[in-house]
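Asker: Have a look at the structure that comes next, please.
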Amino acid sequence: MPAPGTNAPRTIAPRTIAIDGPAASGKGTLARRLADHYGLAYLDTGSLYRAVGMAVLAGGGDPADPVAAEQAARTLDPASLGDPLLKSAAAGEAASKVAVHPGVRAALLDFQRRVAASPQGAVLDGRDIGTVVLPEAEAKLFVTASLEARAARRVAELLARGEAADAEAMTRALAERDARDAGRDAAPMARAPDAALLDTSNLSIDEAFAAAKMLIESRTARP
Ligand code: CDP
């Protein structure tokens, strides 16, 4: 350990943490725990896209229709973000379809940046937080896990909520969603060059949290 007064890094709790990664990588659980730990607000940005997707479906529209999707994003009621239906597999599918439209992404951008700019500071998780929403975030993580581990987690989550789920179908659905999220033109899912990579395939929640905290604190050290 360097002696005091030399170049010893001083760790200061970050005010903004950007967490990106594919579906069921564990980023939501991690983001919530980090927000609690550092006393920051937490925004699950996926819930915005899920709410837009569900609003389009509820109005009888098609999430692939850019006009209907943008209209739903512009009139999104933040009160709808707590709806438990947003956690359903159908909402996840609809979310990734509305998320390809640049007009939808633009309509949701200000809200996300306002949360991050609150005096309390915030953790945001999603697909484009470190790259587009908060390129200046003080700490960035890209959280990933093998497709098999992610499918097993998502199946367990759905079964626990009483939804039907099958591992093979889930593996296919996640692979399809990864491809759509990473392959779209508008703000594709990507690891920011300055984001630390965390693979949670073989980590418990506590282990993932400890690893994330270490990565964050080593990168938020300021002179
Ligand atoms: O929980 P899960 O990882 O399955 O998904 P989510 O984070 O709730 O996001 C649902 C979908 O919204 C993703 O598949 C993305 O298509 C989209 N999304 C996005 O495009 N950008 C974000 N910042 C967050 C979510």
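Asker: Quick one: count up the residues across the range 55-80 that are within 11 Å of the ligand (Cβ to nearest atom) and assigned to a helix (DSSP H, G or I).
Answerer: Here the count works out to 0.
Asker: Quick test for you: out of Leu147, Leu134, Leu215, Leu203, pick the one residue that is within 11 Å of the ligand (Cβ to nearest atom) and not charged (D, E, K, R).
Answerer: The conditions single out Leu134.
Asker: Okay, next question. Go through the range 91-112 and count every residue that is in a loop (DSSP other than H, G, I, E, B) and more than 8 Å from the ligand (Cβ to nearest atom).
Answerer: The qualifying residues number 1.
Asker: Of all residues being farther than 24 Å from Leu203 by Cα and among the charged types (D, E, K, R) in the range 100-127, which is most open to solvent (accessible area, probe 1.4 Å)? Just the residue, please.
Answerer: Our first condition is that a residue be farther than 24 Å from Leu203 by Cα; within the range 100-127, this holds for 100-122.
Of the ones still in play, those that are also among the charged types (D, E, K, R) are 105, 110, 113-114.
Values: Arg105: 23, Asp110: 101, Arg113: 96, Arg114: 151 Å².
Across the range 100-127, the extreme among qualifying residues is Arg114.
Asker: Moving on. Among the residues that make up the range 72-91, is at least one of them among the basic types (Lys, Arg) and at pLDDT below 95?
Answerer: yes
Asker: Considering only residues that are assigned to a loop (DSSP other than H, G, I, E, B) and open to solvent by 40 Å² or more (accessible area, probe 1.4 Å), look in the range 190-223 and name the one that is farthest from Arg32 (Cα to Cα).
Answerer: Applying the filter and picking the extreme gives Pro223.
Asker: Still on this model: Among the residues of the range 150-180, count how many are touching a helix residue (DSSP H, G or I) at 6+ places or on another chain (Cβ under 8 Å) and more than 15 Å from the ligand (Cβ to nearest atom).
Answerer: 3
Asker: Yes or no: Ala187 under 30 Å from Ala106 (Cβ atoms), assigned to a loop (DSSP other than H, G, I, E, B) and in contact with a helix residue (DSSP H, G or I) (Cβ under 7 Å, 6 or more places away or on another chain)?
Answerer: On the way: under 30 Å from Ala106 (Cβ atoms): yes; assigned to a loop (DSSP other than H, G, I, E, B): yes; in contact with a helix residue (DSSP H, G or I) (Cβ under 7 Å, 6 or more places away or on another chain): yes.
Yes, satisfied.
Asker: What's the total number of residues in the range 16-41 that are away from the ligand (no atom under 13 Å from the Cβ) and either open to solvent by 50 Å² or more (accessible area, probe 1.4 Å) or aromatic (Phe, Trp, Tyr) (or both)? Please lay out each step first, then the result.
Answerer: First pass over the range 16-41, keeping only residues away from the ligand (no atom under 13 Å from the Cβ): 16-17, 33-41.
When the remaining residues are screened for being either open to solvent by 50 Å² or more (accessible area, probe 1.4 Å) or aromatic (Phe, Trp, Tyr) (or both), the result is 33, 36-38.
Looking only at that region, the number is 4.
Asker: Evaluate the following for Ser88: is it touching a residue at least 12 places away in the same chain (Cβ under 8 Å), within 13 Å of the ligand (Cβ to nearest atom), surrounded by 24 or more Cβ atoms within 10 Å (Cβ to Cβ) and of a type in the set (S, T, N, Q)?
Answerer: So Ser88 does not fit the description; no.
The values are calculated or read from the model by the stated rules, or taken from the named source; none is laboratory data. Note that the structure is predicted; figures quoted are calculated from it, not measured. Cβ atoms come from the backbone with ideal geometry, glycine included; neighbour counts cover every protein chain shown. Accessible surface areas use protein heavy atoms only, side chains included; no ligands, DNA or RNA. Shrake-Rupley method; radii C 1.70, N 1.55, O 1.52, S 1.80 Å.
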